[in-house]
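The values are calculated or read from the model by the stated rules, or taken from the named source; none is laboratory data. Predicted model only: the values in this text are computed from it and were never measured. In this analysis, Cβ positions are derived from the backbone assuming ideal geometry, glycine residues included, and neighbour counts consider all displayed protein chains. Surface accessibility is based on the protein's heavy atoms, side chains included, excluding ligands, DNA and RNA. Shrake-Rupley method; radii C 1.70, N 1.55, O 1.52, S 1.80 Å.
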Amino acid sequence: DNDTWHDGFHLAAAMREAHGTYLGFHGYAREWLAENPVIARQLANECGYWYFIKGVEVSPAARPGTVLPLTILWENRGVAPAYHRYGLTIRLTSTHDADRRYDMSVPESDNRTWLPQRVTAERIPLRLPAGLPAGTYAIGIRLEEKQALSLKTIQLGMCDDRMDGDGFFTACII
């Protein structure tokens, strides 16, 4: 009954206070989830880390073979930092030819520094490919975990309509 659980208020407060990275439940979980879908979704999202891109700062003009200063403003709306470092890949996709894509790994990125309830400015010196044809490009951003035989995309708390089929969030056009 919701009076016993106070609509999940105490559970949410305990998770925030302890900076919980996961939730365990002792009781009738299916019943509680069915009775409390709103708080269950909120707790699942806030538990651990929950990354949002708050903004991207980049020069609108770039030249092939040069370093493009790129700043990504990350917000961790979760209650804990990540304890595992994920890879960051930036993709340039031609706005005139979607098959013309350039993926660049960003080893300088470290999501473990994106602390809870804060916005972190991550400055990235993005070296553009020397053979990059002139044109207009969409900048895509993807967090990923490299596993033994596959690549797992780390979902960002962003609108699905800005995500492509490869898990890249379209941030801006240059």
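Brief remarks follow.
- For region 108-124, filtering for residues that are among the charged types (D, E, K, R) and at pLDDT 95 or above leaves 4.
- Residue that is at pLDDT below 80 and over 29 Å from Gly165 (Cβ atoms), where the choices are Ala13, Ala44, Ala34, Ala61: Ala13
- Some residue of region 99-117 being touching a helix residue (DSSP H, G or I) at 6+ places or on another chain (Cβ under 7 Å) and touching a residue at least 60 places away in the same chain (Cβ under 8 Å): no
- Of the strands (runs of 3 or more DSSP E) lying entirely inside region 116-174, those containing at least 2 residues that are more than 21 Å from Tyr86 (Cα to Cα) and either open to solvent by less than 30 Å² (accessible area, probe 1.4 Å) or not β-branched (Val, Ile, Thr) (or both) span 137-146.
- Residue in region 96-107 that is modelled with pLDDT under 90 and open to solvent by 30 Å² or more (accessible area, probe 1.4 Å) present: yes
- Residues within region 118-144 that are at positive phi and polar (S, T, N, Q), tallied: 0
- Residues located in region 77-94, provided they are at pLDDT below 95 and buried (at least 17 other Cβ atoms within 10 Å of the Cβ): Gly78, Val79, Ala80, Pro81, Ala82
- Pairing residues of region 59-83 that are on the phi > 0 side of the Ramachandran plot with residues that are open to solvent by less than 30 Å² (accessible area, probe 1.4 Å) and part of a loop (DSSP other than H, G, I, E, B), at Cβ distances under 6 Å and at least 6 apart in sequence or on separate chains, gives no pairs at all.
- Selection status of Arg85, more than 20 Å from Arg162 (Cβ to Cβ), charged (D, E, K, R) and assigned to a helix (DSSP H, G or I): no
- The lone exception for Val38 - which of (1) out of contact with any strand residue (DSSP E or B) (no Cβ under 9 Å at 6 or more places or on another chain); (2) in a strand (DSSP E or B) it fails: (2)
- Taking the criterion of being at pLDDT 90 or above and not acidic (Asp, Glu), the residues of region 135-147 that qualify are Gly135, Thr136, Tyr137, Ala138, Ile139, Gly140, Ile141, Arg142, Leu143.
- Identity of the residue in region 43-57, assigned to a loop (DSSP other than H, G, I, E, B) and without any contact (Cβ under 8 Å) to a residue 40 or more places away in the chain, that ends up nearest to Arg123 (Cα to Cα): Gly48
- When region 63-78 is filtered for residues that are in a strand (DSSP E or B) and of a type outside the set (D, E, K, R), the ones remaining, listed by number, are Val67, Leu68, Pro69, Leu70, Thr71, Ile72, Leu73, Trp74, Asn76.
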